[in-house]
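A short reminder: the numbers here are calculations on the coordinates, not readings from a lab. Quick caveat, the model's predicted, so the values are computed rather than measured. Cβ: placed from backbone, ideal geometry, glycine included. Neighbour counts: every protein chain shown.
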Amino acid sequence: MKTAALGVMCKAPRTGAAKTRLAAVVGSEAATRLAVCFLRDVAAAIEAVPEDMGSRGYGVYAPSGGEAALRDILPPSFGLVLQEDADFGVVLASAARHLLELGHDCAVLINADSPTLPSCLLTEAIERLRRPGDRVVLGPAIDGGYYLIGLKAPHPALFRDIPWSTAAVYRATEDRAREIGLECAVLPLWYDVDDAESFAYLLAELAGTPPDFAEPGQTSGPARATRACLSGPHVIAGGA
């Protein structure tokens, strides 16, 4: 049976180093708690992919030394793949290649900052990758990046000279795919939670107001861990 690798790009959350932009809104300790919950919720979205699709979850992480913490956060069924490099493009390219070399028919790399990510988008990514012909699947984020990228063959050129951590990441990646003759399949828009604006989106969504960019009928993930964190006894500055 074919199996897709679904790898969440992550690191073991540490106070003072986790989600620093969000920490400016909610405080360092709360940002660390939320980083843990976001990771648990993205992992839950991966586990919610229908079994008959054939998939396995992975934590693609750096730096080394975070294995024990990630084992406590991620489901027991998840594998761990260490990918360290100063260049994020090298990390992504190496992670995709490594997961494909494990025998998976496709690899989808997912950010760890989208706790309400609809699991159906992961299913759609797998379905598109399994259609005949080579392609990249991109899930564009509202900040100009992407929340996932999927491949069925290694394409290291796709990750070279991309202006990481800018609003031009998605467009530059789409342009690069065109340059190397790689078909690009685009998923519906979603969002990462990493600053005051996106945190406000999250609070509104958890309160019952879908994001204005969500497609009609699209159901968000339950984000159980994040909901519990935000409704718990800890006070989060500027939030719930």
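The DSSP beta bridges internal to the chain are antiparallel in roughly 30% of cases. Calculated [222 nm] ellipticity per residue, helices only, for the chain: -11000 deg cm²/dmol; basis is -39500 (n - 2.57) per DSSP H run with n ≥ 4, divided by all residues, nearest 500.
The long axis of helix 88-101 is offset from the longest Cα principal axis of the chain by roughly 60 degrees.
Once both axes come from the Cα atoms, what is the angle between helix 196-206 and the longest principal axis of the chain, in degrees from 0 to 90, rounded to 10? Roughly 80 degrees between the two axes. List the lysines whose alpha-carbon lies under 24 Å from that of Lys11, not counting same-chain residues fewer than 8 positions away? Hits, sequence-local ones excluded: Lys19. Principal axis extents of the C-alpha atoms in the chain (largest first, rounded to whole Å): 50, 41, 37. Peptides 121-128, 42-49, ordered by how many other C-beta atoms sit within 10 Å of their residues on average, highest first, read 42-49, 121-128. Can you compute log10 of I(q)/I(0) for segment 9-139 with the Debye formula, treating each Cα as one identical point scatterer, at q = 0.09, 0.10, 0.18, 0.22 Å⁻¹? Log10 of I(q)/I(0), two decimals: -0.27, -0.33, -1.06, -1.47.
Helix 28-47 and the longest principal axis of the Cα set of the chain meet at an angle near 40°. Sorting Lys2, Lys11, Lys152 from the fewest to the most surrounding beta carbons within 10 angstrom yields Lys2, Lys11, Lys152.
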